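S.K.: Would you mind keeping the following structure in view while I ask a few things?
The values are calculated or read from the model by the stated rules, or taken from the named source; none is laboratory data. Quick caveat: nothing in here was measured; it's all calculated off a predicted structure. Here the Cβ positions follow ideal geometry from the backbone for every residue, glycine too, while neighbour counts run over all protein chains shown.
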Amino acid sequence: MKKFNTNLYSWNRKNSICRVTFSAISLLIFATIMNACDDFVNVDLPNSQLTTNTVFEEKATANAAMTNIYSKIRDAGMLTGSASGLSHLLGNYADELDFYGNPQSGTVAFNHNSIVASNPDVKDLWNNSYNQIYAANAVIEGVAQSVKLTAADKAQLTGEALFVRALLHFYLTNLYGNVPFITTTNYEQNRVAVRIPVDAVYGNIKADLEQVIQLLPENYLTTDRVRPNKYAAHALLARVNLYAGLWNEAADEASTVINNTSLYVYEEDLDKIFLKESTSTIWQLASGFSGGNTLESVTFNFTIGPPPLSALTNDFMAAFTGSDQRKVHWTESVTDGTSIWYHPFKYKNSNTGTSSEYSIIFRLGEIYLIRAEARAHSGDLTGAREDLNKIRHTAGLADTAALTQAEILDAILKERRLELFTEFGHRFFDLKRLNLIQPVLSAIKPGWDVHDVRLPIPETELNLNPNLLPQNLGY
């Protein structure tokens with residue numbers, strides 16, 4: 001049997017995406033449900049579609065195919081809370097984290113600005129993301145062909161898969177620049193995919209999200225908010241519009257989320273914002289096992305020094321003013337009696353016996369800051385100050401002293417740094433999109449230049465698909 005190629009659309013053990021046959025997949029998914037296992041059985045992959053229609057003729061197995069994608073996102077790729085995810089890697093690439101771990105780790109290259117096209121983390125971010133996109137496309141195609149699923153179930157599953165596809169492409173284009181936008185499981189098409197401009201990627205993302213808003217309901221399927229609703233799509237659309245400089249659209253999408261006070265209540269207790277029951281949470285990823293918490297707590301928390309992996313930089317810690325309660329509640333100091341290090345402490349629990357924290361992907365704090373920035377750019381300085389002060393008051397700070405547009409925008413950037421640190425690369429992306437990354441990082445990263453705002457396309461992918469050429473400048 002012909003094997004699926006090991007390029008960006010491959011399913012392989014190394015990337016934690018197991019290979020599956022069509023004739024067996026429905027049984028495999030059923031076994032996954034029965035055994036509470038995140039992975040499919042490792043068998044040969046055929047060279048046509050990912051799944052049979054059989055999977056999508058039963059609601060339980062169709063849901064299992066979708067929730068398995070969330071498990072993959074949690075455990076590997078861009079949005080994992082482990083050391084291989086963006087929260088850790090881009091924290092080291094920007095100015096949030098210093099690295100103390102294994103000198104042979106690929107993270108060293110991020111921290112020291114010595115990334116090359118053969119870096120294993122660069123390759124894994126790319127491959128895992130496209131594998132997850134491939135799985136989302138398989139759900140979309142399987143649901144469309146189903147004759148037994150109800151219209152409501154079809155809408156739910158298709159909307160979720162489109163949301164995942166849009167989200168992952170958003171991160172890919174912000175990391176790598178021009179990238180392929182993959183909408184099929186057709187191997188012959190995917191293996192020769194071409195990169196398209198960032199603006200075109202954004203256009204496709206927005207088209208997907210507009211469909212999601214029509215397909216997904218207002219309410220969550222479950223109380224734990226681990227399956228996205230339409231407001232998760234509005235939240236992502238607000239972010240996309242902000243990045244694209246579409247200020248009115250960004251503000252409108254943010255307001256759509258903020259104004260739904262029946263679902264979202266802004267949490268003012270810093271110790272409750274990252275609990276899994278937080279009313280500020282828009283979408284989160286559940287833990288991998290009953291009673292478990294987040295991978296972030298394992299990655300970032302340490303109790304003895306020197307740090308085993310990474311610690312917050314001295315420059316970052318100095319950015320807190322004396323009365324900022326986020327320093328008290330969201331960071332923690334560790335000393336060996338001589339030196340002091342600080343680690344992120346947003347997620348406080350690892351082994352508690354019961355799940356108290358899930359990995360939050362979207363929350364109201366970011367949405368208020370999106371609207372503040374969009375309002376400031378569009379001239380609504382009063383509204384921008386109100387949104388900014390909402391965040392500041394929660395941190396125990398007084399109203400901002402910023403008055404002019406330039407002052408308010410500068411204050412928002414500072415607030416984003418202290419509010420969203422070590423959350424999926426916000427700091428890196430903010431510096432990049434605001435054209436501040438060169439002056440900020442060239443002062444602390446050896447050899448930093450303008451080309452380093454993009455990661456290289458993995459060299460293995462260029463070798464497998466020459467249509468991905470040319471390589472990003474500087475690599």
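S.K.: Of all residues in segment 65-78, count the ones that are buried (at least 22 other Cβ atoms within 10 Å of the Cβ) and either within 14 Å of TYR358 (Cβ to Cβ) or without any contact (Cβ under 8 Å) to a residue 40 or more places away in the chain (or both).
M.R.: Going through segment 65-78 one residue at a time, the tally reaches 2.
S.K.: Next question, about the same structure. Scan segment 146-153 and tell me whether some residue there is buried (at least 18 other Cβ atoms within 10 Å of the Cβ), at pLDDT 95 or above and assigned to a helix (DSSP H, G or I).
M.R.: The answer is no, given that none of the residues of segment 146-153 is buried (at least 18 other Cβ atoms within 10 Å of the Cβ), at pLDDT 95 or above and assigned to a helix (DSSP H, G or I).
S.K.: Criterion first (touching a residue at least 24 places away in the same chain (Cβ under 8 Å) and either more than 19 Å from VAL179 (Cβ to Cβ) or assigned to a helix (DSSP H, G or I) (or both)) does ALA109 satisfy it? Working first, answer last.
M.R.: Numbers: touching a residue at least 24 places away in the same chain (Cβ under 8 Å): no; either more than 19 Å from VAL179 (Cβ to Cβ) or assigned to a helix (DSSP H, G or I) (or both): yes.
Judged against the criteria, ALA109 is not a match.
S.K.: Now for a different question. For the condition within 17 Å of the chain's Cα centre (by Cα), more than 16 Å from MET78 (Cβ to Cβ) and modelled with pLDDT of 95 or more, what is the one hit in ASN229, ASN219, ASN178? Lay out the reasoning, then the answer.
M.R.: Values: ASN219 fails: within 17 Å of the chain's Cα centre (by Cα); ASN178 fails: within 17 Å of the chain's Cα centre (by Cα).
From the options ASN229, ASN219, ASN178, the qualifying one is ASN229.
S.K.: Next question, about the same structure. All but one of (1) of a type in the set (D, E, K, R); (2) crowded, with 20+ Cβ neighbours inside 10 Å; (3) not assigned by TED's automatic domain parsing to the domain that holds ILE69 hold for ASP252; which doesn't?
M.R.: The number of the failed condition is (2).
S.K.: Just for segment 301-351: of the residues that are of a type in the set (Asp, Glu) and surrounded by 12 or more Cβ atoms within 10 Å (Cβ to Cβ), which one is farthest from GLY85 (Cα to Cα)? Walk me through how you get there before you give the answer.
M.R.: The initial filter retains those residues of segment 301-351 that are of a type in the set (Asp, Glu), namely 315, 324, 332, 336.
Going one step further and asking which of them are surrounded by 12 or more Cβ atoms within 10 Å (Cβ to Cβ), we end up with 315, 324, 332.
Working: ASP315: 23, ASP324: 28, GLU332: 21 Å.
Going through the qualifying residues, I end up with ASP324.
S.K.: Restricting to segment 232-252, count the residues that are charged (D, E, K, R) and over 19 Å from the mean Cα position of the chain (by Cα).
M.R.: Looking only at segment 232-252, we keep the residues that are charged (D, E, K, R), and these are 239, 249, 252.
Going one step further and asking which of them are over 19 Å from the mean Cα position of the chain (by Cα), we end up with 249, 252.
Total satisfying the criteria: 2.
S.K.: In addition: Is at least one residue of segment 92-114 of a type outside the set (Lys, Arg), crowded, with 24+ Cβ neighbours inside 10 Å and more than 18 Å from PRO307 (Cα to Cα)?
M.R.: Yes, segment 92-114 contains at least one residue that is of a type outside the set (Lys, Arg), crowded, with 24+ Cβ neighbours inside 10 Å and more than 18 Å from PRO307 (Cα to Cα).
S.K.: Could you grab me the full set of residues in segment 209-226 that are among the polar types (S, T, N, Q) and more than 16 Å from ILE258 (Cα to Cα)? Please lay out each step first, then the result.
M.R.: To start, the set of residues in segment 209-226 that are among the polar types (S, T, N, Q) comprises 211, 214, 219, 222-223.
Of everything in segment 209-226, those that are among the polar types (S, T, N, Q) and more than 16 Å from ILE258 (Cα to Cα) turn out to be GLN211, GLN214, THR222, THR223.
S.K.: List every residue pair whose Cβ atoms sit under 7 Å apart, with the two residues 6 or more apart in sequence or on different chains, where the first one lies in segment 235-256 and is in contact (Cβ under 8 Å) with a residue 60 or more places away in the chain and the second, anywhere, is among the hydroxyl-bearing types (Ser, Thr, Tyr) and assigned to a helix (DSSP H, G or I).
M.R.: Pairs found: VAL240/TYR202; TRP247/SER378; ASN248/SER378; ALA251/SER378.
S.K.: Pairs please, first residue from segment 270-281 and at positive phi, second anywhere and among the hydrophobic types (A, V, I, L, M, F, W, C) and surrounded by 16 or more Cβ atoms within 10 Å (Cβ to Cβ), Cβ atoms under 7 Å, 6+ apart in sequence or on different chains.
M.R.: So the pair list comes out empty.
S.K.: Can you go through LEU275, LEU242, LEU237 and tell me which one is more than 26 Å from TYR100 (Cβ to Cβ) and either touching a strand residue (DSSP E or B) at 6+ places or on another chain (Cβ under 8 Å) or in a loop (DSSP other than H, G, I, E, B) (or both)?
M.R.: Working: LEU242 fails: either touching a strand residue (DSSP E or B) at 6+ places or on another chain (Cβ under 8 Å) or in a loop (DSSP other than H, G, I, E, B) (or both); LEU237 fails: either touching a strand residue (DSSP E or B) at 6+ places or on another chain (Cβ under 8 Å) or in a loop (DSSP other than H, G, I, E, B) (or both).
Result of the check over LEU275, LEU242, LEU237: LEU275.
S.K.: Still on this structure, please answer the following. Please specify each residue of segment 385-410 satisfying the condition of being crowded, with 17+ Cβ neighbours inside 10 Å and under 22 Å from ASP269 (Cα atoms).
M.R.: Listed by number, the residues that qualify are ARG385, ASP387, LEU388, ASN389, LYS390, ILE391, ARG392, THR394, ALA395, LEU397, THR400.
S.K.: Might you check whether a residue that is part of a helix (DSSP H, G or I) and hydrophobic (A, V, I, L, M, F, W, C) occurs anywhere in segment 258-270?
M.R.: Yes, there is a match, as at least one residue in segment 258-270 is part of a helix (DSSP H, G or I) and hydrophobic (A, V, I, L, M, F, W, C).
S.K.: OK, next. How many residues does segment 370-384 hold that are crowded, with 24+ Cβ neighbours inside 10 Å and either hydroxyl-bearing (Ser, Thr, Tyr) or under 18 Å from GLU423 (Cβ atoms) (or both)?
M.R.: At the first step, the residues of segment 370-384 found to be crowded, with 24+ Cβ neighbours inside 10 Å are 370-376, 384.
Of the ones still in play, those that are also either hydroxyl-bearing (Ser, Thr, Tyr) or under 18 Å from GLU423 (Cβ atoms) (or both) are 370-373.
Residues in segment 370-384 being crowded, with 24+ Cβ neighbours inside 10 Å and either hydroxyl-bearing (Ser, Thr, Tyr) or under 18 Å from GLU423 (Cβ atoms) (or both): 4 in total.
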